[in-house]
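There's a structure below that I have some questions on.
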Amino acid sequence: MAAVLLGLGALAYTAWVLEVVLRTGLDPVQTYVSELAAADQPLGGLFRATDLAAGVLVLGGALTGLAAVRPRRAWAVTGWVALALFGAATAVDSRLPLSCAPTADPECAARETAGLVPATHTAHAISSGLAMTGALTAMLALTVAARRHRARSSLARTGPALVALEFAATAWTLAAVAAFEAGRGTWLLGAGQRLQVLLVAVWLAVLARTVAREPR
């Protein structure tokens, strides 16, 4: 059951790739992924729904995986708990959309800088930060657990490379966010963040494969 939930969660977490075929009006190289789900975007409802589904599915998969951990090793328990945090925060994040798209709309950016946007902007930043913290912790902890106790698993073999790439993509994203907030452009913010969330989804798929083959 955990493998199915995680696999479906990974699929839902990549719903943003629909922007390749759907007209969103946002530049994927420059804009936040979460701006697709902004309240003023025509397809915002669709992307909020897929984010909610991804969060709930991963949360369910994480709790199911946690319940199956035997024996209770620290790295594995930490990883599953962190993954549950990621799922829960992602679900909450979907209920706290941005009101507008600051990287694409100068007026929105000006209102955000002046503090004239709804409180959901701040709440969204907090929930997004918690989600990514949970994802990074889960990726690291469960990959270490796999390397120590399931050395031949898919996660043990491919996890280290995915974790390294994820931390690099996160550094890029954080630097780009800092540049944007300082008025220095976006530094390809959208590309960095899309790489960041894509790597999380790929890692989730690898985790699902590993769990399917070795449930405990």
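Before anything else, pin down the relative contact order of region 124-216: Cα pairs under 8 Å, at least 6 apart, normalised by residue count, whole percent.
Details: 66 pairs, mean separation 25.5, N = 93.
Taking the mean separation of contacting Cα pairs over the length of region 124-216, I get 27 percent.
Quick one: net charge around residue 135, please, counting Lys, Arg +1 and Asp, Glu -1 for every other residue with C-beta under 13 Å from its C-beta.
On the way: positive: none; negative: 93, 166.
With Lys, Arg at +1 and Asp, Glu at -1, the net is -2.
Highest first, please rank the peptides 179-185, 1-7 by the mean number of other Cβ atoms sitting within 10 Å of their residues.
Values: 179-185: 11.9, 1-7: 19.6.
Descending packing order for the listed peptides: 1-7, 179-185.
Sticking with this one: State the percent of C-alpha pairs, over all pairs in the chain, separated by a distance greater than 29 angstrom.
On the way: 5757 of 23220 pairs.
The proportion of pairs with Cα distances above 29 Å equals 25 percent.
Please report, ordered by residue number, every helix of the chain (full DSSP H runs) that is 27 Å or longer along its axis going by C-alpha atoms and whose mean Kyte-Doolittle hydropathy reaches -0.5. It would help to have the intermediate numbers written out before the result.
Values: long enough: 44-68 (36 Å, 1.32); 74-94 (30 Å, 1.30); 120-149 (42 Å, 0.59); 154-181 (39 Å, 1.07); 189-213 (37 Å, 1.20).
Once both thresholds are applied, what remains is 44-68, 74-94, 120-149, 154-181, 189-213.
Kirkwood-based Rg over Rh for region 160-216 (C-alpha set), two decimals? Walk me through the numbers before you get to the answer.
Working: Rg = 14.7 Å, Rh = 12.4 Å.
Value, to two decimals: 1.19.
Next up: Scaled to the compact-protein estimate 2.2 N^0.38 Å, what is the alpha-carbon radius of gyration of region 51-166, rounded to two decimal places? Mind showing how you got there, number by number?
Numbers: Rg = 17.4 Å, N = 116, 2.2 N^0.38 = 13.4 Å.
Here the answer is 1.30, to two decimals.
Where the centre of each part is set by its Cα atoms, how far does region 11-53 sit from region 170-215, in angstrom?
15 Å
Mean projection of the alpha-carbon convex hull of region 119-159 over all orientations, in nm²?
Values: hull surface 11.4 nm².
Mean shadow area of the hull around the Cα atoms is 2.8 nm².
Largest first and in whole Å, what are the equivalent-ellipsoid semi-axes of region 1-69 based on the Cα gyration tensor, each being the root of 5 times an eigenvalue?
On the way: eigenvalues 160, 23, 16 Å².
Each semi-axis is √(5λ); the values are 28, 11, 9 Å.
For every helix of n ≥ 4 consecutive DSSP H residues, a contribution of -39,500 (n - 2.57) applies; sum these over the chain, divide by its total residues, and give [θ] at 222 nm rounded to the nearest 500 deg cm²/dmol.
Details: 7 runs with 149 residues, N = 216.
Rounded to the nearest 500, it is -24000 deg cm²/dmol.
Same structure, new question: Per the Cauchy relation, a quarter of the hull surface: what is the mean projected area of the convex hull of the alpha carbons in region 32-93, in nm²? All intermediate terms of the calculation are to be shown ahead of the outcome.
Working: hull surface 17.2 nm².
That works out to 4.3 nm², a quarter of the Cα hull's surface.
Rule-based calculations on the coordinates, nothing more; no lab input. It should be emphasised that the depicted structure is a prediction, and the values quoted were computed from it without experimental measurement. Methodologically, a virtual Cβ is constructed for each residue, glycine included, from the backbone with ideal geometry; neighbour enumeration extends over all protein chains shown.
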